[in-house]
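The values are calculated or read from the model by the stated rules, or taken from the named source; none is laboratory data. Since the structure is predicted, the reported quantities are computational estimates derived from the model, not experimental observations. When we count neighbours, we look across all protein chains shown, and the Cβ atoms used for this are built from the backbone with ideal geometry, even at glycine.
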């Protein structure tokens, strides 16, 4: 059996469940801070610790953020949503029930456009996160074989929005694109900071395959523990292949939950022994229904940011940049606003120049430093200044890189760095002409070959001579003036 | 349910005990099977009622949109919290090993 | 029976500087010293804390400050109300030794009003019971006859007021747990409208039914205490923003022209003691003499109330009590893995009645039974609400016994859970509907034991309900 047979005989059907932590200041039902990385058990109170006698009160911002996604993805807003208790015992869950929306969620039946194809979203609902367990002894931090576990309840009660798609996804690649688009949308809307590595976005996939040409859904498995968008695609690719091979071999697929193992590149069944779950859902008596009133919806719409799809289209046309560049910008929180501010301060140069510097040097700096856009020492109007210095010919691109590196490091204005380092580029035709003449004399062979050669040879030799001249001028030459003078002499 | 047939079986009691995380003794299971059957017999009155078109009441009062502003409030002191823990270690609550994955 | 002087008289005297709070307290502590060993009303007596509070109140008065409307009044708290730094046990082994890091909202309000908290009172474990026999720390005895139960679950609170250990007490009422012990101990006990008193800090039994309410030796004192704890609380989502009514201001308004309905199903109920039915009829007659019109009224669905209640309350309880698992606070019984630790802890920490209700509730919510039991019970709840609505078209208030019998002997009903559950048959409908109800003493039966009459009123009609209760109180004396 070859891979080709498998993929031509079997069609995957995929549904995705995406959990995101909402970008609120506090938890879903109490005033404890919703923050990542705090000292263990420091963001806790009677409510999120489930102490006897405590009662939940719903966070207004969490409701608004859920409704914001609802408005953006054209969900139906049911006349009311309610919370249920999902009852099961687990030590990271302080009340031993999870307060979650069940049969009356806040958002129903939305959709999102992914690379021109619409994917239907079944529902989005609010629920509380659990605490976090650390497994000690035995298998290197893993639950199996651990001696005991240590629980931190800082995350318990953090607001989650679970977004469940219809099985409208038919390839691992499309699953990746869906998660990418949904992530960009959530980020743009300010609903979540969607950091998969910090767990503020978690993706589970329901995967099944069916014989090509049939319509009945096959038995599905649920894949968990995918820690990046790339691993979503890899895990689903693996699982499709696994299921198709089993079926080709006449075996059956078991409905189960499987863990993606990133290091080994495979999924593995999680169940050691079958435990019966019966969540005994019933309406949470300590909370009252949420009604999306006209007033509440109007408030949500008034604060609604632009969606990525629309925003990308606008940036591509306004700034004359590529779709790819627009995606890169939107992928980094705050970067588009930063560029927008820089474009607004431009005196010389184009928005596209700003975008190129921002998505190149500035982004590289962010990645190296591990900071956010708010930590960048270079003010947006200083970036505009740098673009202006290049456009006016004061410095060339090579010098600009050096200046930018210094400004990103120190926060000094680019013009000041140029002055301090004496970096203004040489545009004087006499000085440049003399340098070129010296280069041509020293490389007379090359000049001969240039004159005798075809276009390809001419291009190569010109490049060589240009490089020699640039080096002779220690990189300070105004490139376009230098090129013009060289071409005049080469005839 | 036919007359005379017990309304709840011993196996169902054992299953409920598992869901409720109660390590019942055999005697307790025995007694509960009898007690619950009696109570459920009484509850059968309710089950038999025709309640077509009667909506359930889950809250005695009708309130909606009781919301809290998203403003942080001071929580509890960690030392005080962990002092109540049966076992604490490394500023966390210590529990014996967990056998099953979270559902 | 030695009872405390009225709370309003104590507060007036302390505020006016005529009496010292510490002297009032010492009188009460002396009564506790005299009879507590026999009665066992308290899980904890807070002598030192109470003395410090009383001294602070006296100091405030000396400095010309007003300590508040309950200045120097000794108050007892049911031991399911959280008190910061003071053990709060629910009379359960599973919470033994646990000290809450916060005060319940009602406790905060009592402190702000100048009350002196004398102790935490005994109850049926997690408020599940009607006799206080289900306490893990031993039963409370009825001060009128120590061979009999005080009722429950707030038996300790009722007994503490009846024995003069405290001037006032707070209890919680999920199916009658304030009113039934009030009736059996011969004091006044009220369950206000659901949502009027914050539940924040009340350890939950059944969240959609639980309400906190007052115990007192008079209707006036019960009104005073209810006025103090009433009011919206942003920490309780089911708390309603309703201005505090002036219950005391209209207390003596009389019943002339009021329409009173005697609830047939709650008065002719199976197992009712004839002397109890006669007492209620006598109370009705007294109201008639004062100008009320009295007639009989039927609440046909109320006969299903008991069954519906014994599905809803255990279902909610099974979930509310899941948190006692040996991980974060309270008892732990060690075991090699966490699930076994949870199960062993819960088996050792909970008493028989609590386990019975957890099991019943778990079963009623489980797959395949939810619709037949839990959902159906919630529909019956709607039917009961509708019955009340119809009754209140014709009547201003309703009247019934509080409990079908006077105080019974220890062990009389412990072997048959259903017999015990039947003690709540008259009180449960008000919990299911969320409406207020109050129990007022109406004399004693042949055995000399107190009988209570119950006044039921529509939601938020507490001023009217207290007025009628006051008229009964006056007629009874």
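For residue B:13, state whether it is more than 8 Å from chain C (Cβ to nearest Cβ) and under 21 Å from the mean Cα position of the chain (by Cα).
no
Yes or no: residue A:375 within 16 Å of the chain's Cα centre (by Cα) and closer than 30 Å to residue A:72 by Cα?
For residue A:375, the condition - within 16 Å of the chain's Cα centre (by Cα) and closer than 30 Å to residue A:72 by Cα - is not met.
Go through the range B:43-59 and give me each residue that's exposed (fewer than 15 other Cβ atoms within 10 Å of the Cβ), within 7 Å of chain C (Cβ to nearest Cβ) and over 13 Å from residue C:380 (Cβ atoms).
Correct list: empty.
Yes or no, residue by residue, for (1) within 23 Å of residue A:472 (Cα to Cα); (2) not in a helix (DSSP H, G or I):
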| site | (1), (2) |
| --- | --- |
| A:377 | no, yes |
| A:385 | no, no |
| A:415 | no, no |
| A:446 | yes, no |
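Considering the range C:201-232 alone, what residues qualify as being within 14 Å of another protein chain (Cβ to nearest Cβ) and surrounded by 24 or more Cβ atoms within 10 Å (Cβ to Cβ)? Let's see the steps before the verdict.
Of the residues in the range C:201-232, the ones within 14 Å of another protein chain (Cβ to nearest Cβ) are C:201-212, C:232.
Scanning the range C:201-232 gives C:201, C:202, C:203, C:204, C:205, C:206, C:208, C:209, C:210, C:211, C:212.
Kindly list the number of the only condition in (1) within 12 Å of the chain's Cα centre (by Cα); (2) within 14 Å of chain A (Cβ to nearest Cβ); (3) assigned to a strand (DSSP E or B) that fails for residue C:123.
With (1) within 12 Å of the chain's Cα centre (by Cα); (2) within 14 Å of chain A (Cβ to nearest Cβ); (3) assigned to a strand (DSSP E or B) applied to residue C:123, the lone miss is (3).
Look at residue C:33 and say whether it is on the phi < 0 side of the Ramachandran plot, surrounded by 20 or more Cβ atoms within 10 Å (Cβ to Cβ) and part of a helix (DSSP H, G or I). Steps first, please.
Values: on the phi < 0 side of the Ramachandran plot: yes; surrounded by 20 or more Cβ atoms within 10 Å (Cβ to Cβ): no; part of a helix (DSSP H, G or I): yes.
Criteria not met by residue C:33.
With the checklist (1) outside any strand (DSSP E or B); (2) crowded, with 18+ Cβ neighbours inside 10 Å in hand, flag the one item residue A:74 doesn't pass.
(2)
Residues of the range C:363-382 being more than 16 Å from residue C:209 (Cα to Cα), buried (at least 21 other Cβ atoms within 10 Å of the Cβ) and at the interface with chain B (Cβ under 7 Å from one of its Cβ atoms), which ones?
C:363, C:366, C:373, C:376
Any idea which of (1) in a loop (DSSP other than H, G, I, E, B); (2) surrounded by fewer than 18 Cβ atoms within 10 Å (Cβ to Cβ); (3) modelled with pLDDT of 95 or more is the one residue C:97 doesn't satisfy?
Looking at each condition in turn, residue C:97 falls short on (3).
Given the structure, is residue B:37 closer than 21 Å to residue A:283 by Cα and surrounded by 12 or more Cβ atoms within 10 Å (Cβ to Cβ)?
On the way: closer than 21 Å to residue A:283 by Cα: no; surrounded by 12 or more Cβ atoms within 10 Å (Cβ to Cβ): yes.
So residue B:37 does not fit the description; no.
Scan the range A:213-270 residue by residue and report those that are within 14 Å of residue A:12 (Cα to Cα) and part of a loop (DSSP other than H, G, I, E, B).
A:213, A:214, A:215, A:216, A:217, A:218, A:219, A:220, A:253
Starting from the range B:60-81, keep only residues that are more than 7 Å from every other protein chain (Cβ to nearest Cβ), then list their pairs with residues that are assigned to a helix (DSSP H, G or I) and at pLDDT below 95 whose Cβ atoms are within a distance under 9 Å, requiring at least 6 positions of separation or different chains.
Correct list of pairs: empty, since none qualify.
Assuming residue A:88 fulfils every condition listed in (1) within 14 Å of chain C (Cβ to nearest Cβ); (2) closer than 25 Å to residue A:39 by Cα; (3) at pLDDT 90 or above apart from one, which condition is it?
Here residue A:88 clears every test but (2).
Can you tell me which of C:285, C:266 is modelled with pLDDT of 95 or more and either within 14 Å of chain B (Cβ to nearest Cβ) or part of a helix (DSSP H, G or I) (or both)?
On the way: C:266 fails: modelled with pLDDT of 95 or more.
It is C:285.
In this structure, does residue A:276 turn out to be farther than 30 Å from residue A:58 by Cα, at pLDDT below 85 and within 14 Å of chain C (Cβ to nearest Cβ)? Show your work before the answer.
Values: farther than 30 Å from residue A:58 by Cα: yes; at pLDDT below 85: yes; within 14 Å of chain C (Cβ to nearest Cβ): yes.
Against the criterion (farther than 30 Å from residue A:58 by Cα, at pLDDT below 85 and within 14 Å of chain C (Cβ to nearest Cβ)), residue A:276 qualifies.
Please count how many residues of the range A:95-118 are within 30 Å of residue C:322 (Cα to Cα) and part of a strand (DSSP E or B). I'd like the intermediate steps shown before the answer.
Residues of the range A:95-118 that are within 30 Å of residue C:322 (Cα to Cα), as a first pass: A:95-107.
Narrowing the set further to residues that are part of a strand (DSSP E or B) leaves A:97-101, A:107.
Matching residues across the range A:95-118 total 6.
So which residues in the range A:278-298 are outside any loop (DSSP other than H, G, I, E, B) and surrounded by 13 or more Cβ atoms within 10 Å (Cβ to Cβ)? Please lay out each step first, then the result.
Applying the first criterion (outside any loop (DSSP other than H, G, I, E, B)) to the range A:278-298 yields A:282-283, A:290, A:294-298.
Correct list: A:282, A:283, A:290, A:296, A:297.
If you scan the range B:90-103, which residues turn out to be surrounded by 14 or more Cβ atoms within 10 Å (Cβ to Cβ) and either part of a loop (DSSP other than H, G, I, E, B) or more than 7 Å from chain C (Cβ to nearest Cβ) (or both)? Steps first, answer last, please.
Step one: filter the range B:90-103 for residues surrounded by 14 or more Cβ atoms within 10 Å (Cβ to Cβ), giving B:91-102.
Matches in the range B:90-103: B:91, B:92, B:94, B:98, B:99, B:100, B:101, B:102.
Look through the range A:448-480, keep the residues that are assigned to a helix (DSSP H, G or I) and touching a residue at least 60 places away in the same chain (Cβ under 8 Å), and return whichever of them is surrounded by the most Cβ atoms within 10 Å (Cβ to Cβ).
Only one residue fits best here, namely A:479.
Which residues, counting only those in the range C:415-448, are away from chain B (no Cβ under 13 Å) and on the phi > 0 side of the Ramachandran plot?
Listed by number, the residues that qualify are C:443, C:448.
Please note which strands (runs of 3 or more DSSP E) are completely contained in the range C:341-458 and include at least 2 residues that are under 30 Å from residue C:145 (Cβ atoms) and either modelled with pLDDT under 95 or over 22 Å from the mean Cα position of the chain (by Cα) (or both). Full working, then the answer.
Details: elements: C:397-401, C:437-444, C:450-456.
Of the strands (runs of 3 or more DSSP E) lying wholly inside the range C:341-458, those with at least 2 residues that are under 30 Å from residue C:145 (Cβ atoms) and either modelled with pLDDT under 95 or over 22 Å from the mean Cα position of the chain (by Cα) (or both) span C:437-444.
Got a number for residues in the range A:11-53 being more than 9 Å from chain B (Cβ to nearest Cβ), part of a loop (DSSP other than H, G, I, E, B) and over 25 Å from residue A:66 (Cβ atoms)?
Counting residues in the range A:11-53 that are more than 9 Å from chain B (Cβ to nearest Cβ), part of a loop (DSSP other than H, G, I, E, B) and over 25 Å from residue A:66 (Cβ atoms) gives 2.
Return the residue satisfying two criteria in turn: it lies in the range A:140-182 and is within 14 Å of chain B (Cβ to nearest Cβ) and in contact with a helix residue (DSSP H, G or I) (Cβ under 8 Å, 6 or more places away or on another chain), and of such residues it is farthest from residue A:236 (Cα to Cα).
Step by step, filter the range A:140-182, then rank; the result is A:149.
When you look at residue B:52, is it modelled with pLDDT under 90 and out of contact with any strand residue (DSSP E or B) (no Cβ under 8 Å at 6 or more places or on another chain), yes or no? Before you say what the answer is, go through the steps one by one.
Details: modelled with pLDDT under 90: yes; out of contact with any strand residue (DSSP E or B) (no Cβ under 8 Å at 6 or more places or on another chain): yes.
Taking the combined requirement at face value, the residue satisfies it.
Going by the structure shown, is residue C:172 within 14 Å of chain A (Cβ to nearest Cβ) and either part of a loop (DSSP other than H, G, I, E, B) or on the phi < 0 side of the Ramachandran plot (or both)?
Working: within 14 Å of chain A (Cβ to nearest Cβ): yes; either part of a loop (DSSP other than H, G, I, E, B) or on the phi < 0 side of the Ramachandran plot (or both): yes.
It is true that residue C:172 is within 14 Å of chain A (Cβ to nearest Cβ) and either part of a loop (DSSP other than H, G, I, E, B) or on the phi < 0 side of the Ramachandran plot (or both).
Could you go through the range C:234-248 and let me know if any residue there is buried (at least 21 other Cβ atoms within 10 Å of the Cβ), part of a loop (DSSP other than H, G, I, E, B) and more than 14 Å from chain A (Cβ to nearest Cβ).
The answer is yes; a qualifying residue exists.
Could you list, in sequence order, all residues of the range C:298-309 that are in contact with a strand residue (DSSP E or B) (Cβ under 9 Å, 6 or more places away or on another chain) and surrounded by fewer than 21 Cβ atoms within 10 Å (Cβ to Cβ)? Steps first, please.
Kept after step one, since they are in contact with a strand residue (DSSP E or B) (Cβ under 9 Å, 6 or more places away or on another chain), are these residues of the range C:298-309: C:298-299, C:302.
The one that is in contact with a strand residue (DSSP E or B) (Cβ under 9 Å, 6 or more places away or on another chain) and surrounded by fewer than 21 Cβ atoms within 10 Å (Cβ to Cβ): C:298.
Can you find a residue that is within 14 Å of chain A (Cβ to nearest Cβ), at positive phi and touching a helix residue (DSSP H, G or I) at 6+ places or on another chain (Cβ under 8 Å) anywhere in the range C:81-103?
Yes, the range C:81-103 has at least one match.
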